């Protein structure tokens, strides 16, 4: 058994040896995705797609709870519509895929595959809104978008990716701003409750904000290699798009006004975050509530009827408790199965053999730390439920401790450069607000500003770059 | 009140006056969809999309129950991959949308937006399958596809539509054939259990089958105007694609063999079927189990606290019983609301006013036939549950009776032409099996063969067109 296991485990690169290679190894060996002949276009295999479906289920329920409705806009955008808002065009035009032929004929107007759908929502809202009674409109769309990328990586950066994009319009600035922050909270809570990732929340600098937005907010996560990953964003547009697209309504006071607008999205990039925050040298480690399979039952000598019966009973018991469970009674060796399901990051493994059955027990093994728990056969569901809760808390706690241990403070620019070059993680520093200093940091160190965190407790008084008075606290990091 | 109502009701065309206009009126006035500037690309508005989500929820559960897994394949197909199977190319190439520019550069290889994803699944299966242990693979994908259409109609025929496409591979022909018929059963049951549509099931003639399939099966529905609508298909590919794409496995007997393959799909066209089977001159009529909102509560003089309280209590009672309910307590008139929710086809309307509250009662009105039921306030949920069951059965029964009344039998070609030209619905006749006779019927009458129904009880002995001996029973109809 151990031989088989060693062979499989050795087939992925160690995390600390080559993190990038480890990452792609896990993506493929855990059967999350596969490549295709079109660069940057990946196949979401059943196991990877099921993680996305669990994220979708959680978020979709939250979106509905907060009064949002799902819609579907066309995949293709006429070029003239796409060109209506200048900042937006500047941000997205360089990475568009363009349809020039349809039904064997060259099209009179070229069509852009959506890189994001702001303009489609704007165009529609302008048509259907005329009174304050029509507001707010809080729409969301689940779809894929295409952005032509030169450097691609599974889940992190692809020419096509799956996401949701929320687009809302409101009668007042107050309401729109509340939406932008409220949705950021929902994303943050997704991390806390499902992904076991402690997202740092804050506002993006103007340099890093979305093309066309007044303000962008983000959730940022810290990967095992000490690099940050922007994991979701929410945008406040003010009336910018509304003016370009003529989205107006007659307010209660009789005055015709432009709507206040937001958009927000997370993508399959979150799968990448889960892999890189929690994975280890044996492969993927999935937080229990997002895991497609939460428990795998492995019968030892499963050809014995009493073992097969015990496995089936455990499965039934867990299914009755709404635990996602699989039994692997294939003719592969237990050792092979252990490695396989470690690679796939299944949170709990239940082993049951003839002697266990005699004792009325089974063994439960935690993927997170290999801890083994003996458990009475009639108490598996309760034990599993309790263990899932513990594991989730442990994973969140570990990740939180990792962020705390890898968030450092710099007062001088020498300190800043030393930390950002030689230590993993975030460096917190003061900033004067001048984009020139932000650019200099990027040029000198390749690090970028991640956000102005909501916790703005000062860590100094001057900008480390220019020495001028500084009131803003910024988190910098090298990032994906 | 009645004035308002009349105004709204009159704003759609009568079904029997101009069915096509009635259809588009309902699509727009019920807020199911909206047009965009790109021809054939529609917006699925929240109400229309929610119908699709209910269909998805039902089917997705059925797919899982029968061992299928969801995946996501890229939206774009390299042209060389697309061209691998000749029949398939001949069928789909004329209606493709082609990306020729990505990231500001002309692509070395053009990319086709998927019109269907057979070739992507084949390419992937060839890579991941090598042993009988890897089989079967039963994958499904929810996505949109693009087919360039000259004549488009909301939900029925669009340049982009939403659908699911199942793609499976099997070790044996028997298993693959069982899959093709099993999925057809799931589609048929979707009609029976959710859409209240009695689909006719059968096999397509070779002329009408899918490009690349050995056999195609379909579900056919009869619309109010007597025309048929192909509403879903399942395909048996044999080893045709497997040979072109080299999908092979080593069987238990050690021999390397090609897999047997299937695909199957239904689309948002089903929304069109629901509209055209059940709708009436007041708008949409939704079967209860697919309706996004099953009950709308309309308070009469809702500003009175006891009425508002009663409405809220009814809502709470229905929600506790898992009924999808909305209260409309807006300041619009009850008459306006009645028309609005009739247009939207909400199955049940609950009216509650001050006198009802005093009597401890409310009035429930059936959208299907306007029947009014007085109901004790503490018994609303039970009554609604029971009414939904009755309404579903009534709608299915009506639709079934309509199919029976409009399925006629022709022995001679004169009879056939007379019936197909002058009567709505299906004409059942014998057929020699020669495609020439099938083509002649289409040329003479515009009717097409819908299917060889599974019920092959003979209705004659010779082909009405050529007079030769005939053993096949075929259903013909004019079709969408």
> Do we find that residue A:381 is under 30 Å from residue A:463 (Cα atoms) and part of a helix (DSSP H, G or I) in this structure?
Replying inline: no
>> Anything in segment B:182-212 that is out of contact with any helix residue (DSSP H, G or I) (no Cβ under 8 Å at 6 or more places or on another chain), under 30 Å from residue B:250 (Cα atoms) and surrounded by 23 or more Cβ atoms within 10 Å (Cβ to Cβ)? List them, or say none.
In response: B:183
>> What's the total number of residues in segment A:133-149 that are outside any loop (DSSP other than H, G, I, E, B) and either modelled with pLDDT under 95 or within 19 Å of the chain's Cα centre (by Cα) (or both)?
In response: 8
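Matching residues to (1) more than 11 Å from every other protein chain (Cβ to nearest Cβ); (2) in contact (Cβ under 8 Å) with a residue 40 or more places away in the chain; (3) within 24 Å of residue B:46 (Cβ to Cβ):
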| position | (1), (2), (3) |
| --- | --- |
| A:99 | no, no, no |
| A:104 | no, no, no |
| A:120 | no, yes, yes |
| A:132 | yes, yes, yes |
| A:138 | no, yes, yes |
| A:149 | no, yes, no |
| A:159 | no, yes, no |
| A:171 | yes, yes, yes |
> Which strands (runs of 3 or more DSSP E) sit wholly inside segment A:201-286 and have at least 1 residues that are at pLDDT below 95 and under 23 Å from the mean Cα position of the chain (by Cα)?
Replying inline: none
>> Which of the numbered conditions does residue B:31 fail, given that it passes all the others? Conditions: (1) more than 9 Å from chain A (Cβ to nearest Cβ); (2) at positive phi.
In response: (1)
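Quick grid of which residues meet (1) modelled with pLDDT under 95; (2) surrounded by 22 or more Cβ atoms within 10 Å (Cβ to Cβ):
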{"position": "B:151", "(1), (2)": "yes, no"}
{"position": "B:160", "(1), (2)": "no, yes"}
{"position": "B:164", "(1), (2)": "no, no"}
{"position": "B:168", "(1), (2)": "no, yes"}
{"position": "B:174", "(1), (2)": "no, no"}
{"position": "B:177", "(1), (2)": "no, no"}
{"position": "B:180", "(1), (2)": "no, yes"}
>> Take residue A:155 and tell me if it is in contact (Cβ under 8 Å) with a residue 24 or more places away in the chain, farther than 30 Å from residue B:37 by Cα and within 14 Å of chain B (Cβ to nearest Cβ).
In response: yes
> Hey, does segment A:442-465 have a residue that's in contact (Cβ under 8 Å) with a residue 12 or more places away in the chain, assigned to a helix (DSSP H, G or I) and either under 24 Å from residue A:224 (Cα atoms) or out of contact with any strand residue (DSSP E or B) (no Cβ under 7 Å at 6 or more places or on another chain) (or both)?
Replying inline: yes
> If we scan segment B:335-343, do we find a residue that is surrounded by 18 or more Cβ atoms within 10 Å (Cβ to Cβ) and at positive phi?
Replying inline: no
> Which residue, of A:118, A:160, A:149, is in contact with a helix residue (DSSP H, G or I) (Cβ under 9 Å, 6 or more places away or on another chain) and under 21 Å from residue A:271 (Cβ atoms)?
Replying inline: A:149
> So which residues in segment A:47-76 are facing chain B (nearest Cβ under 7 Å) and surrounded by 21 or more Cβ atoms within 10 Å (Cβ to Cβ)?
Replying inline: A:49, A:71, A:72, A:73, A:74, A:75, A:76
> For segment A:338-358, what are the residues that are in contact with a helix residue (DSSP H, G or I) (Cβ under 9 Å, 6 or more places away or on another chain) and assigned to a helix (DSSP H, G or I)?
Replying inline: A:338, A:339, A:340, A:342, A:343, A:354, A:356, A:357, A:358
>> With the requirement that a residue be closer than 18 Å to residue B:347 by Cα, touching a helix residue (DSSP H, G or I) at 6+ places or on another chain (Cβ under 7 Å) and loosely packed, with under 14 Cβ neighbours inside 10 Å, what does segment B:298-334 give you?
In response: B:321
> Which condition does residue A:99 not pass, out of (1) on the phi > 0 side of the Ramachandran plot; (2) crowded, with 19+ Cβ neighbours inside 10 Å, if it passes all the others?
Replying inline: (1)
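The values are calculated or read from the model by the stated rules, or taken from the named source; none is laboratory data. In this text, all values refer to a predicted model and were calculated from it rather than measured experimentally. All Cβ positions, glycine included, derive from the backbone under ideal geometry; neighbour counts span all protein chains shown.
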